[in-house]
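The values are calculated or read from the model by the stated rules, or taken from the named source; none is laboratory data. Here the structure is a predicted model, which means the values were calculated and not measured. Positions of Cβ are generated from backbone atoms using ideal geometry, with glycine treated the same way; all protein chains shown enter the neighbour counts. These area figures cover heavy atoms from the full protein model, side chains too; ligands, DNA and RNA do not enter into them. Shrake-Rupley method; radii C 1.70, N 1.55, O 1.52, S 1.80 Å.
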Amino acid sequence: SMRFTPDGQGVYLTCDYNHEFRTLRYYDRITNQITDLTGSKINWDVESIRVHAESGLVAFTTNEDGIGKLYTLTDVDQLHHIPTPMGDISTIEFHPAGQTLAVVLSTAKVPGDVYLLDLKTEQFERWTESEVGGLNVELFVEPTLIHYPTFDKVIGFNGIEEPRQIPAFYYRPKLSGPLPVIIHIHGGPESQVTASFMPIYQYLMLEHSVAVIDPNVRGSSGYGKTYITLDDGKLREDSVKDIGSLIQWIKAQPDLDHDRIAVWGGSYGGYMVLASMIHFSDQLRAGVDVVGISNFVTFLESTQEYRRDLRRPEYGDERDPDMRSFLLSISPTNNAHKIQKPLMIVQGKNDPRVPISESEQMKEAIRGAGGQVWYVVAEDEGHGFRKKKNREYYYHAMDMFWSTFLLSSSEPSKL
């Protein structure tokens, strides 16, 4: 992101040079000097920047642990935080008069609406009301940001070695427990879950009394340049261990049912579901894999050619014999016999990113090993379901799957 000052003699920009995060910097075109404005004050990524055309007032947003924050800057030393509801800020824009700022905000109760911020009073006025199908969003549950310890250690702020903390958003129904839990794992793998509008989570909580936990395991964006590389290459299964640590955290919560834990994810998150079902099958009740990678070698060889060189730095180069051997050893198709609990696989037939062959071979491998698979394929979809009729079918099928294998107090016999 980059914006010029009103006189054109300076530029505000974001940059992560010599820093873990993208910081707000000022480049003086006259002196050729760059000043870091936030690096020592805000240890998170700066995202959007806006500069008022007359006053030169700067407004910018940050992504702080998956939560959008809003700031103004009047000069080099004066950063001011403006409180906003817990959510994701996607867009900001000054009014020409400079007294107000338009903010597009998504929260657990707001799909993504425009608010007008009075910069003097710091009061928000909602300008739009997105359609939510007649639902009472006041019943919707806002998530809690949690951090749970995982298997490895880092040097803390006090200089003492301590367990690495994994961030997650915890959606818990307002009911007494113990409650069943679904761990939803994002794709990417360099994506990030934020505190935004998630209607399917609300359905699970309000209709089925299910808690949902959305972790940002290692490899997620938003937590610095080091964190995003912690699952690269032969470190791949370290992110799976983060899910194992989350399962242990769940077991320690008296209001959550440690006998009813399931995993759900799409794309790379689908791989994470398969890997979790392999490593923690005795601790999980079921899993849903949506357009997931089942074998890293066949995936890299069959995904669209333009994507291969983009994926190899992340997963490893399957053309290297040593890396190929490693990728085959961790691939779910070669460990399908370890999946002892029911799995649902969802796939678009025309997927150019994770071809249908990835789901087909996983289905066959599990069934060949005596496992149980529900298999849903949309003939007219690609990487994920976009058409309303298909999404409704997918959600209804998944609802039946959860009802059959997760929501009952005892594990059903094999169907």
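Can you give the longest run of the chain that contains no chymotrypsin sites (Phe, Trp or Tyr not before Pro) sitting in a DSSP loop with at most 11 other Cβ atoms inside 10 Å? Walk me through the numbers on the way to the answer.
Details: sites that count: Tyr17, Phe157.
That would be 158-415.
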**Report entry** region 173-224 versus region 89-161: alpha-carbon centroid distance in Å
**Finding:** 17 Å
Report summary line: Here FRET efficiency (C-beta to C-beta, Asp322 to Arg29, R₀ 60 Å, nearest 0.05) is 0.75
Report summary line: If one builds a Gaussian network model of the chain from Cα atoms under 10 Å apart, the most fluctuating residue listed among Ser239, Ser294, Ser325 is Ser325
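Work out, step by step, the length gained on full extension between Leu407 and Phe4: first 0.36 nm times the residue separation, then minus their alpha carbon distance; give nm to one decimal. Walk me through the numbers on the way to the answer.
Working: separation 403, 0.36 × 403 = 145.08 nm, distance 5.53 nm.
Gain on stretching Leu407 to Phe4: 139.5 nm.
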Requested in this report: Taking only protein heavy atoms into account and a 1.4 Å probe, give the accessible area per residue of the chain in Å².
Outcome: 45 Å²
Report summary line: Ranking Thr303, His383, Met400 by how far each Cα lies towards the positive end of the charge dipole of region 283-415 (+1 on Lys and Arg Cβ, -1 on Asp and Glu Cβ), the top one is Met400
**Report entry** Per-pair calculated FRET efficiency, R0 = 41 Å: Ala397 and Ser329 via Cβ, rounded to 0.05
**Finding:** 0.80
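Which FRET efficiency value, to the nearest 0.05, is calculated for Lys174 and Lys389 with the Förster distance at 51 angstrom and r the Cβ-Cβ distance?
Working: r = 33 Å, r/R0 = 0.65.
It comes to 0.95.
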Requested in this report: Heads up, I need the accessible area for Arg308: 1.4 angstrom probe, whole protein in place, Å², nearest 10.
Outcome: 60 Å²
Query raised in the report: Do any trypsin sites (Lys or Arg not before Pro) in region 96-138 lie in a loop, going by DSSP, with at most 16 other beta-carbon atoms within 10 Å of their beta carbon, and if so which?
Result: Lys120
Requested in this report: Mind pulling the angle between the C-alpha long axis of helix 356-368 and the longest principal axis of the chain? Nearest 10 degrees, somewhere in 0 to 90.
Outcome: 40 degrees
Report summary line: If one compares the long axis through the Cα atoms of helix 305-315 with the longest principal axis of the Cα atoms of the chain, the angle in degrees, nearest 10, works out at 90 degrees
Report summary line: Across Asp231, Asp255, Asp45, the residue with the highest GNM fluctuation in the chain (Cα network, 10 Å cutoff) is Asp255
Report task. Before anything else, pin down the relative contact order of region 130-188: Cα pairs under 8 Å, at least 6 apart, normalised by residue count, whole percent. Result -> 31 percent
Query raised in the report: What percentages, rounded to whole numbers, describe P(r) for the chain computed over all alpha carbon pairs with 20 Å bin width beginning at zero?
Result: 24, 53, 22, 1
Report task. Amide H neighbours of Arg164 under 5 Å, at least 5 residues apart or on other chains, H built in the peptide plane: list them. Result -> Thr150, Asp152, Lys153, Val154
Report summary line: Given 350-357, 185-192, the highest-first ranking by average Cβ count within 10 Å works out to 185-192, 350-357
